[in-house]
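Quick notes on the structure that follows.
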Amino acid sequence: MAKTTYITTPIYYVNSVPHVGHALTMLVCDVTKRYRQMRGEKVVFLTGTDENGLKVYEAAVAAGEDPMKFVDWISQAFRDVADLMHIDYDIFFRTTSEQHKVSVQALFERLRESGYIYSDKYEGWYDVSAETFVRESDLVDGKSPDGNEVRWVSEENYFFKLSAFGDKLMEHAAANPEFWLPVGRRAEVESFIKQGLRDICITRTQAGWGIPVPGDDSKVIYVWFDALINYLAATGWPKEGWEELWPAEIHWMAKEIYVRFHATLWPAMLMAAGLPLPKTVIAHGWFTFNDAKMSKSKGNVLAPAEVIQFFEENGCTHDLAVDATRFTLIRCFPYDNDSNYSMSEAERMYNSDLANDLGNALNRTLSMTHKFTEGKIPADALEPEVEEKIQAAKAAFAAEFVESKVHLVVDHALSMARELNRYVDACKPWDLAKNSDPRLGAVIKGMLAYVRAAEGMIRPFMPSTADRMAAQLGLDPTTHWDAIGSVDSLPAGTSIQQPEPMFPRLQVKPAEPKKAMENEPKPEAPVKAKKPAFEPPAEIGIEDFMKVQLKVARILEAEPLEGSEKLVKLQVMVGDEKRQILAGIKKSYNPVDLVGRQVVVVTNLKPAKLMGHESQGMVLAADGPNGTAILLQPEAEAPEGTSVH
Ligand code: MSP
């Protein structure tokens, strides 16, 4: 029996909620899984959360939360984003699980017994934000090379003999050219190894959070050493049956955790343990915004839910809005170089590729089939040109997938729509019909063949769209790769459906994420994915929090704001001051029910103009399901104007 194909994303830190960058790596694995399944492989796809790091612990403590509750909460936010994006993962692995602890301790023991782990004193700098040890010589103005704060650590610790594996890694990579991908990044790893790998400290003296060193509870295992083992732990190792999944076929991640961790440390750990290495370790670049990495700490992130909601508000059904989001993320995929992902880019790609090319191709085909061949798939044979184009696109698609160039792969799928449009423009079926030309049947069949091939090839990226396309063609979904372009894929005489537009053209110019971040309150801004009501605590001190003035207020008047789907205009009393506040709660509350209620408001926000009306503050609400809001209210009546902390 063929081995299961095991593919992984990194496991994400649970110190802040997910954004489109996190979703991107999940998506590339999801696309890979769906494609490989079409090729007949059994695929298991792992994603999950990395929960043992010091920064996660500190984030929880600073938020005044029980660490376990805190990690449960954010871990769930990652799972929610995966579900929202229709990511078909099989394992959502958490490093606070018992299974993980067992595997990590077993691997530690094995390496200690074989002499690859030894004890020594560690003195040096530690970058909590990146969870890495930093050399004195690498400090820049007293900070880590990434610009993070560092702290001095002086402890008796355990070390891993990474220095023993440089040559072995180079030899393995030379014999296995698909080991370090993409080709461009291979050189970075080689140059890192050539500088000489040094042993690394793999424990910390910090009881209470993390996986204890076996037999020495005063120390926990360094979070990277622990986290990397997740891929193996999820197979059940060292319990029987782990070979069913191991070795992994592909580990995907972005470039910042490639060279030092996934491309060197992890395979060296496996070599030391005498375990087989993953087939491919591959990194993509970053989504950037305004040339900076999109990241929560820079405040320039876009949540997948925002993009989906944008497409929904512009007329897509929910499932197709998810597909449109998936499509734009992959189309913008930073395979070698970083790429800017923004709403305006997403809008542009949507209009040109989905509304114009794909949507048009389907509509034209269905309309002309109704008009010229009585709504039935003709029995005529395909013209050779059409067959060749489909087979060539299929081959190119498969070839690009060998190195996981998903952004190019999706273009081959779309090329079917473009070829179809060209074919129609060249053949002019309406003229053939006017002249009763016998070629008409073959041309309509050709159009249907292009749409059918697009349906098959687009399926790994846009599964709901592919289902819709198949249904409109009156056919079963193409679930097997070999069926694409086959004679059987278009049974003659099948009745097709009436065309139903899938991707309405967008007219609205959305705000860029940066702009969406400014001028809070922003009730008209898209609702974000479930998100905790705190910021990552490492990024804000109490003095920052104290800058926000929160007070109890009473709603005196409430009326829906004309022309807005979401806003309600409130007149509130804060102490003896009356204020007007616009709140995005129309979906969730009937304005008449709000009058007399107490709420909590931010009173020192700069006033903002929303749809021509001034808003002098912000009403606090929790994110409810499906973009609804749940107002915060003091548990008992409090005097109006009372401060809230
Ligand atoms: N916990 C570690 C990984 C341990 S794996 C054994 C970690 N977590 S993380 O939350 O910081 O996630 C980093 C990963 O999220 C990146 O490697 C990438 O997969 C994804 N991305 C996060 N921001 C991204 C962009 N701006 N652009 C592209 N990918 C992004 O590191």
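The values are calculated or read from the model by the stated rules, or taken from the named source; none is laboratory data. These figures come from a predicted structure and were not determined experimentally. Note that each Cβ is placed from the backbone with ideal geometry, even for glycine, and that neighbours are counted across all protein chains shown. Ligands, DNA and RNA are excluded from the accessible area calculation, which covers all protein heavy atoms including side chains. Shrake-Rupley method; radii C 1.70, N 1.55, O 1.52, S 1.80 Å.
Please give the Cα centre distance for the range 172-227 versus the range 565-583, rounded to the nearest Å.
Rounded to whole Å, the Cα centres lie 54 Å apart.
Per residue of the range 227-237, in order, report the coupling 6.51 cos²θ - 1.76 cosθ + 1.60 (Karplus, θ = phi - 60°) as ³J(HN,Hα) in whole Hz, putting x for Gly and Pro.
Working through the residues one at a time gives 5, 4, 5, 3, 4, 7, 4, 5, 7, x, 3 Hz.
Within the set of other residues whose C-beta is less than 15 Å from the C-beta of residue 465, count the net charge using Lys and Arg as +1 and Asp and Glu as -1.
Values: positive: 34, 326, 331, 452, 459, 468; negative: 30, 312, 319, 323, 353, 357, 455, 467, 500.
Here the count lands on -3.
Over the range 340-489, consider all pairs of different Cα atoms and compute the Kirkwood hydrodynamic radius from their mean reciprocal separation; express it in Å, one decimal. Display every interim value, and only then the final one.
Details: mean 1/r = 0.0635 Å⁻¹.
After inverting the mean inverse Cα-Cα distance, the result is 15.7 Å.
If one computes P(r) from the Cα atoms of the range 542-644, what percent of pairs lie at distances over 24 Å?
On the way: 908 of 5253 pairs.
Here the long-distance tail beyond 24 Å is 17 percent of all Cα pairs in the range 542-644.
Please report, for the Cα atoms of the range 213-351, the Rg to one decimal and the Dmax as a whole number; what are they, in angstrom?
Rg and Dmax of the range 213-351, Cα atoms, are 19.6, 60 Å.
For the range 247-354, give the share of DSSP beta bridges that are antiparallel, in percent and rounded to the nearest 5; count only bridges with both residues there.
Details: 2 of 9 bridges.
DSSP beta bridges in the range 247-354 are roughly 20 percent antiparallel.
Span-like helices, the chain: DSSP H, alpha-carbon axial extent 30 Å or more, mean Kyte-Doolittle -1.0 or greater, which ones? Mind showing how you got there, number by number?
Details: long enough: 406-427 (32 Å, 0.30).
Span-like helices here: 406-427.
Under 13 Å between alpha carbons, and skipping anything fewer than 8 positions from residue 101 in its own chain: which aspartates and glutamates qualify?
Here the aspartates and glutamates satisfying the reach criterion relative to residue 101 are 50, 51, 109, 226.
Using a 1.4 angstrom probe, figure out how much accessible area the chain has per residue, in square angstrom, rounded to the nearest whole. Each step should come with its number before you reach the end.
Numbers: 26830 Å² over 645 residues.
For the chain, the per-residue accessible area is 42 Å².
Sort 134-144, 451-461, 624-634 by packing, meaning the average of other beta carbons within 10 Å per residue, with the highest value first. Each step should come with its number before you reach the end.
Working: 134-144: 11.6, 451-461: 26.7, 624-634: 14.6.
Peptide ranking by packing, descending: 451-461, 624-634, 134-144.
Can you check what the net charge comes to around residue 317, using other residues whose Cβ is under 11 Å from the Cβ of residue 317 (Lys, Arg +1; Asp, Glu -1)? Walk me through the numbers on the way to the answer.
Values: positive: 468; negative: 312, 319, 323, 500.
It works out to a net charge of -3.
Which one, 275, 495, 17, projects farthest toward the positive side of the charge dipole computed for the chain from Cβ point charges (K/R +1, D/E -1)?
Working it through, the farthest residue towards the positive pole turns out to be 495.
Pairs 121/219; 296/405; 551/586; 55/121; 566/609; 42/279: which exceed 18 Å Cα-Cα? List each step's numbers first, then the result.
Numbers: 121/219 13 Å; 296/405 27 Å; 551/586 22 Å; 55/121 23 Å; 566/609 15 Å; 42/279 16 Å.
Distance filter (> 18 Å) returns 296/405; 551/586; 55/121.
Restricting to the chain, what percent of DSSP beta bridges are antiparallel, rounded to 5? Please report the intermediate quantities before stating the final value.
Working: 51 of 73 bridges.
Close to 70 percent.
With a 1.4 Å probe and all protein chains left in place, how much of the accessible area of the chain comes from carbon and sulfur atoms, in whole percent?
Numbers: 13360 of 26830 Å².
Ligands and nucleic acids excluded, carbon and sulfur give 50 percent.
Which whole-number percent of Cα pairs in the chain have a distance greater than 49 Å? Before the final figure, lay out each step's value.
Values: 48815 of 207690 pairs.
Result: 24 percent of Cα pairs exceed 49 Å.
Determine the sum of side-chain charges near residue 135: Lys and Arg each +1, Asp and Glu each -1, restricted to other residues whose C-beta is under 12 angstrom from that of residue 135. Provide the component values of the computation, followed by the final result.
Working: positive: 198; negative: 123, 127, 136, 138.
Summing Lys/Arg as +1 and Asp/Glu as -1 gives -3.
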